[in-house]
Structures are given as structure tokens and as C-alpha cells.
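I have placed the structure first, in the form of C-alpha cells, so that the comments after it can refer back to it.
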Amino acid sequence: MTVKQTMLAGLSAVGLIIAGGLAYAAGQYGPGASDTEIKIGNTMPYSGPASSYGVLGKVDAAYFAMINAQGGINGRKITFISRDDSYSPPKTVELVRQMVEQDKVLLMFHTLGTPPNMAIHGYLNDNKVPQLFPATGADQWNDPKHFPWTMLWLPSYGTESHIYARYILKNLPNAKIAVLYQNDDYGKDYLNGLRDGLGAKANMIIATQSYETSDPTVDSQVVALQASGADVLLIAAIPKFAAQAIRKVYDIGWKPTQFLNSVANGVGTTMKGAGFEKGIGIISANFVKDPTDPQWQNTPEYKEWLAFMNKSGLAANVTDVQTVVAYSNAQTMVAVLKAAGDNLTRENIMKQAASLHQLKLPMLLPGITLSTSADDFNPIKQMQLEKFDGKTWQLFGEVISASGS
Amino acid sequence: MNDGTAAMASEKLAVGDHAGLRIGTWRWLGIGALIVLAAVLPFGLSNYQVFELTQVMIYAVAVLGLNILTGYNGQISLGHGGFFAAGAYTAAVLMHRYGVPYWATLPPAALVGFALGLLFGLPALRFEGPYLALVTLAMAVATPQTLKYFSWTGGQQGLHVVKVLPPAGLPIDRDRWLYLFVLVVLLIAIRVAANLLNGRTGRAWMAIRDHPIAAAAMGVDTAGYKTLAFGISTLFTAVAGALAAIVVGFVAPESFTLFLSISFLVGSAVGGIATIGGAIVGGFFIEFVPNFANDISDAAPWAIYGLAMLLFMYAMPRGVIGSIRPLAAWLAARLKPAAAVGEISATSNKASTPQQTSQGRLE
């Protein structure tokens, strides 16, 4: 802390206390916005155990830089402040407070990870600072009644389960379902989502087994689920355990229709770990265009994305589907800011974010759009199913919507 | 700073009460002024800066614990992040699951830290230097995964802690209240540490550090005192962990990685391992240098961090306080009236001698 900063801080202390972090309506601008600038804050694990996700922040920064080079948003340049929290929640709290209170950002965008976001959830809502589109799919980010300043972006885990439920109700109406889930909020979001989605038919679930992340294997759980007589299996796990489960199901000669949650459907991680031939026929879900899927590679949308990646020095990451996710997320942010026009208060940002109406993004699967409302903070409610063919995931069927009857 | 050593205290008697009293009076006045300054400081700063300083004080308590073990007893620990986590989770679980008020979680956290430290201190008796460091490293690497194992710790998701509010009726906000709360704990911790270190326990610890065989020959129960040093050290660090849980309002396994343990050791070395004031300097280093490094270079903050560490250790090999102290003593001797010079320089020379040997051994 320099002497100058300390002095400045002392002088502005009174002002700060009065403002109390609140978005007071100074004309049309909230903190961090002006005639020339919109300040956006972000935390990412650029170092530490989760540093492989740091590329998401690089895509965001590159995308906003491109928007600025094209003239900005309604004449205003985006200042994107992205700091390294190493996936450590106390560090996230510190950095977010720094960005909100000292850098005076208008909003927090795309902060990564469930624990870091949990750590700042209360703080941002208490201080009425938008927590937009975090990089985590937990259902708790869609709770506008209690947390009106936090909005989901990824299809929530529950949403995904709803989609599996709808498919099962339509195509496997006599299914006996078994569920293997991780024994925490992540796994339970999937289980509860499936129950919800089945509605009156929730008794189709005849067996559930959970595992702890510290368990050495899930072999005994898989055997117990087979013994229940189920003919459909939903795996809601992280890649390591998903791979174990797929392998075990195959090895004991059990042949249920298998659903695998999308967080764990990486070809290079889960499917390779399980053994490619053991995963043939497994069903999962997706919502973006996988850049390695040849069917997209001649489309103008793909080419535009590829040109952006190459121009931004991210050519090494063009096979990583996560960069497509980040690209689409940043586009959503820009769409919200454009819609806010000259009224860049925190209240109006949330209002615009909650007024998305079938927003189309170039790299989402055809037919998938974003919609929100004052009591629905879950923008992406559609996904398309895909089947593993031993090499890659093949999309099939129509885009399925989680809501509606 | 109140970093009197046992050597200093014992020398005072020999030197004579006259000079001793004078130094004591000045020292107490200085300490009093510092405390008053620390207490009014938050009212001139922004909320965020108050929060940062609160973090500094929490790290200072943790580093103080490590200094007791490493600086005063010569045992190296790379696992204090684990004990910090134990304290944090004790507080978080008590608040989250049993509705215990935040201030009442400190004694249980201290107890858990002390008990764990004693348990750890027993096998640690068999190990010296780098081997002990490896044993404690086990604690640091095992902690995050162990925390994920149990459901009462909230597993991978972590635990929310009830938001702490200032007592009703006090015209003070949350950040400043927590600052003052942590300040009081820090002052108590310093007082307790100073008492222990200036008394027979501290002398025994330092004797073991400097020459374990001689200490044993003089009748010091080396095994007992080394185990006790471990317990007291982890007690301090666990209390710091509890404070961190209260202030941050959330705990998760990712909060307590190996890097936290290493940060404590860095903070301890930069501040001066065998000092009490050094813990506060260490707290500042842990809190501010990574952020400062990030401000200088987005691309290579850890290179800057490493460079800062090298510069500190090169310029002040005994840590900031450890290096300033002989200088300050020399200055004090220069500025005193001629009559007192002999006495005071005798005091400071003798006081700093054991420090230097010990530091030399540990470097």
C-alpha cells in the first residue's frame, strides 16, 4: 500500500462509509461505469491446482479486447480486471473486495469454481453487486428470491437431469432407473433434478448409491446398483469415478442404458480412462458446438471463432471445448451491456440480464437460446443429447428443453 | 515492538535497575502508543484496507506460532497450514452446525490446535531438521483431502459461516469491529508469547535449540519441552485459523493448500524467525507481496514474488526485525548519555549473541 493510496483512502473514507458499497443512482451510472468506460471484475485460477481453467479468463480478456478494438459498447471501452485467486476461496474474497471497493468495478463476471463463488456469494448480494455468469453450474446460483444479484449461465446440473428425465419418460417409459452420485451438493443437484424431472413418475428411480471423493473405487456401488435390477443408469460423478463406473459396468456384464453427466464426459479424460470400447452407446448432453466435431468446421460461425482464437494468440487451445463456452459466455455479457444502453447502474444490469429473450449465440448448438425473467435466473434450459461411438460424441435427436410439460 | 528476549530479561538484573527501568519505561510508552495507533487506524482507512489489515494480523498470529517453534525451539514445520485449517474448521463447524457464537469458538480452536500439536510433537521428537520438515509436510499435503472426506466438514463444497455482526448499539461497522476483535486477540497472543519466551519455558526452548546436549545435561526435560513447543505453536496457529474462518465467513479445503504452509514459513523468515515483532512483518509480507507482484506483472507474478523474497533475504538475512535490532541497539547506545553507554551496550550485545548463533544454525 503506497502512502498516496493511504492518503487517498483516508480522504475518501467518509464518502465510502456513506456509499457503503451501495449502487447509489448517480445519474445513469453505477460505480465503474462512465461515458468512456465499463469496468468488469473477474477472478480465475491462473496458478494452483485448477490452473488449467485459466484459459477461460484469457478468452474473456481477448474477446473484450476485440470488442474494444471494434469501438466498444455504445462507445464505451471495457476494462476487464482479471485476478488470480489460485482457486483459494479466502483469496477470492480478498480480490473481489479489492475490485469492488478499490477498483470500483460495475460487476463481477465469470468468476470460476463453486467454492470460490460460494465464498463471495453473500458479500456480493449484501452489497448489491452483480455476480454474473459464474463458471459453475450449481443450482444454487439460480435463486433470485434470496440472491437477486447472482445469475447462472451454464445449464445447471439440475437442468441437465431434467433433460435426461424427459428423454427417459418419452423413450423408455418402463425404465427402472439406478443413480450413482457424488455425495455432495454437486451429485445431489443431479439426483434431485432427475426426481423433479420425472415428477409423478419419480418412483421409476429404484436404486441410488453415493460415493465420497475419497473412496478408492466405486466398484461395490456399481455391483449393488446392478443387483437392484435396474435397466437405466445415471452416472453423476467427476471424471475419475465416472471412468471407474463405466469400466465396472462393462466388466460385470451389466448392459443398462447409461447416462453420463456432461461435466464428466471429456473424451480425453473419462472415456479414455474407462477404455473407449467400454463407453460405446453411453448418452450425455451438450449445448455448445464442439470445435473438434467436423460437422461445424465449415460453418461461418466456426470460422469466425477460429479466426478470433488465432488472432488472440490462443491457437494452442482450439481443440478445447471450454474456450467455446467462455467465448459464448463473454458474448452474453456484451449482449447484456449493449441492452443496458446508457443506463449503466447495477440495478439496470441485473434487469437487462433478467430480460434475455431467446438470445442466439453463434457457437451454441442450433436451436438453443438464452432466456431469463425476474424469477428465472437460469438462462440455458435446453441441451441436445449425444451418444458415444467409441471415438467421439455424436449428437442425436432434437434439442430438448428442461421446462414445459 | 515487544520482542524482548529471555536473555535480555535476565541480563537486566546484572546490569542494574537504573538503566533497566528507563529502557522499560520507554518501551512501554512506545508499545502503548503503537496499540493506540493500531486501534484508531481503521477509522481513517477504507473498508477494504481495514479488511486487508485484519488479514495481516491473522497471519501475524499464525506466524507467531511458527516463530515459537522454529525460531525459539529450532524445529522446522512445513505443516502449519494444516493446523491453521484445523482451527478454521473447528470454528466453522461449531458456528455452522451448533450455532456457537463466533467469539466462543476461539478457546475450542485453541484446544484442538494444542492437542493436535502435542500428538504431532511426539513422533516429531525423533526427527531433526529436514526430516522433521518432511514429517510436517505430510500434514500440509494431507489436510485438503482429509477435509473432503468427512461430510460434517461440508466436503468439497466447504462450509458457510454465520455472518458476524458488531454488537447491537455500537456505532461501528462489521469490518472495523472484526479488525478490533482480531487486534485484541493478536495483543493477547503477543503478551502470552512474550511471557512464555521471557520465562523459564522460553529459556528451556532456546537452550534446547542452541545446544540440546548441554540443555539435557543441565536438567532440561528436552522431550517434554520440545513437545510443548509444538503444542503451543500450533495452538497459536489454530487460533489464527479460527479468526480467518470468522473474518472470511467461509471455509473450503482449497483454502488450506500446501502453499499456505509455505507462506507461513516465508513470512516467518522474512520477518525474523526468533522475534515476536517479526511475525507482524511476516503478516504484512504474506498479505501484500503476492498482490503487489500481481500489480507489477500479470504474466509472471510468482517470479516477482520470488524476486522480492530473494531481495529481502539478501538484504536482511536475519529477517527484518532480526536485522534491524542490532542496528537499533547500536543507535540507542550512541544516543544515550555517556554514563549509561557501557551498561546498555553490554545488554544489547549479550542479548543479540544467542540470536545470531541460532540464526546461523538455521540458515
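What follows is calculated from the coordinates using simple rules that are stated; it is not laboratory data. A quick note: this is a predicted structure, and the numbers were derived from the prediction, not measured. Here the Cβ is made from the backbone with ideal geometry for all residues, glycine too, and neighbour counts use every protein chain on show.
Out of the range A:269-373, which trypsin sites (Lys or Arg not before Pro) are coil in DSSP terms and have no more than 13 other C-beta atoms within 10 Å? Intermediate values should be presented prior to the final figure.
Working: sites: A:LYS272, A:LYS278, A:LYS289, A:LYS303, A:LYS311, A:LYS338, A:ARG346, A:LYS351, A:LYS360; in loops: A:LYS289, A:LYS360.
Answer in residue order: A:LYS360.
Per residue, what volume in Å³ does the Cα convex hull of the range B:262-302 take up? List each step's numbers first, then the result.
Working: hull volume 2.1 nm³, N = 41.
That works out to 51 Å³ per residue.
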Under the Karplus relation with 6.51, -1.76 and 1.60 and θ = phi - 60°, whole-Hz ³J(HN,Hα) for the range B:36-47, x at Gly and Pro, equal 4, 4, 4, 6, 8, 3, x, 7, x, 10, 6, 4
Rank B:GLY74, A:PRO130, B:LEU178 by how far each Cα sits towards the positive end of the charge dipole of the protein assembly as shown (+1 on Lys, Arg Cβ; -1 on Asp, Glu Cβ) and give me just the farthest. B:GLY74
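In Å, the Kirkwood hydrodynamic radius of the range A:247-405 over pairs of distinct alpha carbons?
Details: mean 1/r = 0.0567 Å⁻¹.
Roughly 17.6 Å, rounded to one decimal.
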Taking a temperature of 37 °C and a viscosity of 0.692 mPa s, what whole-number D in µm²/s does Stokes-Einstein yield for the protein assembly as shown with Rh from Kirkwood over alpha carbon pairs? 115 µm²/s
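Divide the volume of the convex hull of the Cα atoms of the range B:6-362 by its number of residues and quote the answer in cubic angstrom per residue. Numbers along the way, then the final one.
Numbers: hull volume 53.5 nm³, N = 357.
About 150 Å³ per residue, rounded to a whole number.
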Between the range A:87-153 and the range A:58-73, what is the C-alpha centre distance in whole Å? 22 Å
Helix check for chain A. Which DSSP H runs span at least 20 Å along their own axis by Cα, with a mean Kyte-Doolittle hydropathy no less than 1.0? A:3-19
Qualifying aspartates and glutamates (Cα of each under 18 Å from Cα of A:LYS176; at least 8 residues distant if same chain): A:ASP196, A:ASP231
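Using only alpha carbon pairs under 8 Å that are at least six residues apart, calculate the relative contact order of chain A and give it in whole percent. Intermediate results must be reported in sequence, preceding the final value.
Values: 750 pairs, mean separation 62.8, N = 405.
Reported as a whole number, the value is 16 percent.
When the dipole is taken about the Cα centre of the range B:205-319, and only Lys, Arg (+1) and Asp, Glu (-1) are charged at their Cβ, what size is it in debye, to the nearest 20? List each step's numbers first, then the result.
Values: 3 positive and 6 negative charges, 69 e Å.
So the magnitude is around 320 debye.
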Per-residue ellipticity at 222 nm attributable to helices in the protein assembly as shown (runs of n ≥ 4 DSSP H, -39500 (n - 2.57) apiece, nearest 500 deg cm²/dmol) works out to -18500 deg cm²/dmol
B:ALA217 and A:ASP251 label points (each 7 Å along its Cα→Cβ direction) are spaced in nm at 6.3 nm
Ranked by how many other beta carbons lie within 10 Å on average, peptides A:157-169, B:222-234 from highest: A:157-169, B:222-234
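Mind sorting B:TRP28, B:TRP330 by how few other Cβ atoms lie within 10 Å of their own Cβ, fewest first? Present the calculation step by step, with values, prior to reporting the outcome.
Values: B:TRP28 11, B:TRP330 14.
In order of increasing Cβ crowding within 10 Å: B:TRP28, B:TRP330.
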Treat the count of other C-beta atoms within 10 Å as a stand-in for reagent exposure and order A:GLU386, A:GLU277, A:GLU304 from fewest to most. A:GLU277, A:GLU304, A:GLU386
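What is the percent of Cα-Cα separations in the range A:181-247 that go past 18 Å? Don't jump to the answer; show the numbers that get you there.
Details: 782 of 2211 pairs.
The answer is 35 percent, as a whole percent.
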When you look at the Cβ of every residue in A:113-126, what mean number of other chain Cβ atoms sits within 10 Å? 4
Given the peptides B:269-277, A:142-150, arrange them by the average over their residues of other C-beta atoms within 10 Å, most packed first. B:269-277, A:142-150
Residues whose placed amide H lies under 5 Å from that of B:THR275, excluding near-sequence neighbours: none
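Using a Förster distance of 30 Å, how high is the FRET efficiency between B:ASN195 and B:VAL40, based on the Cβ-Cβ distance and rounded to 0.05?
Details: r = 26 Å, r/R0 = 0.88.
About 0.70, to the nearest 0.05.
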If you scale each eigenvalue of the Cα gyration tensor by 5 and take the root, what three semi-axes come out for chain A, rounded to whole angstrom and sorted largest first? 40, 22, 20
May I ask you to derive the relative contact order of chain B, considering only C-alpha pairs under 8 Å and at least 6 residues apart, and to give it as an integer percent? 31 percent
Spin-label pair B:ALA115/A:ASP389, simplified geometry with 7 Å Cα→Cβ offset, distance in nm: 6.0 nm
